[in-house]
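Reviewing the structure listed below.
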């Protein structure tokens with residue numbers, strides 16, 4: 001599992017607007033082993049939480065799919081809880097970004113502009129898989145090598161939750177027998 005996280009980090013870095021660094025280990029150190037790592041960790045997790053909440057609200061407003069709606073409701077509850085916990089940490093309060101980055105704002109626009117419910121459902125699930133996969137890689141990296149103990153403990157606590165969300169999102173994508 002750790003190898004997967006190291007391999008996914010360059011993708012996560014690009015996805016969150018961080019410069020790509022050739023070797024994955026260098027990126028891992030940058031995200032987790034320095035004070036810049038703590039800043040990046042808090043920023044990535046905050047943006048991820050905000051995106052999960054906002055995208056799930058969009059889904060709930062327009063979709064009637066019962067399983068996807070249940071997943072979206074869970075995302076709102078769990079990510080609101082993790083955001084509150086992260087913001088309660090003194091080590092995180094001065095590092096939190098005020099808004100979504102351009103990439104995540106564009107993803108929300110895609111959801112809002114989905115032409116029909118089926119397209120919305122598919123796009124939402126696809127974005128949830130991508131977002132949770134990226135966030136899991138960052139959580140794993142910081143949980144293993146984070147330099148700020150309170151943030152490392154946060155990553156260790158929420159890493160299994162993010163992994164479970166990823167598994168649930170992938171299950172929504174799987175073909176169903178009716």
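Here are some notes:
- All of 71, 36 fail the test of being at pLDDT 95 or above and either in contact with a strand residue (DSSP E or B) (Cβ under 6 Å, 6 or more places away or on another chain) or assigned to a helix (DSSP H, G or I) (or both), apart from 71.
Table: residues versus (1) in a loop (DSSP other than H, G, I, E, B); (2) more than 20 Å from residue 59 (Cα to Cα); (3) without any contact (Cβ under 8 Å) to a residue 60 or more places away in the chain; (4) in contact with a helix residue (DSSP H, G or I) (Cβ under 9 Å, 6 or more places away or on another chain).
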| site | (1), (2), (3), (4) |
| --- | --- |
| 84 | no, yes, yes, no |
| 108 | no, no, yes, yes |
| 118 | no, no, yes, no |
| 126 | no, no, yes, yes |
| 131 | no, no, no, yes |
| 138 | no, yes, no, yes |
| 143 | no, yes, yes, yes |
| 151 | no, yes, no, yes |
| 161 | no, yes, no, yes |
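- When the stretch 50-64 is filtered for residues that are surrounded by fewer than 17 Cβ atoms within 10 Å (Cβ to Cβ) and in a loop (DSSP other than H, G, I, E, B), only 64 remains.
- Residue check, residue 133 under 16 Å from the mean Cα position of the chain (by Cα) and farther than 21 Å from residue 168 by Cα: no
- Index of the failed condition, residue 102 passing every other in (1) over 17 Å from residue 37 (Cα atoms); (2) in contact (Cβ under 8 Å) with a residue 24 or more places away in the chain; (3) in contact with a helix residue (DSSP H, G or I) (Cβ under 8 Å, 6 or more places away or on another chain): (3)
The values are calculated or read from the model by the stated rules, or taken from the named source; none is laboratory data. This structure is a prediction, so every number in the text was calculated from the model and none was measured. Neighbour counts are summed over all protein chains in view; Cβ atoms, including those assigned to glycine, are modelled from backbone coordinates with ideal geometry.
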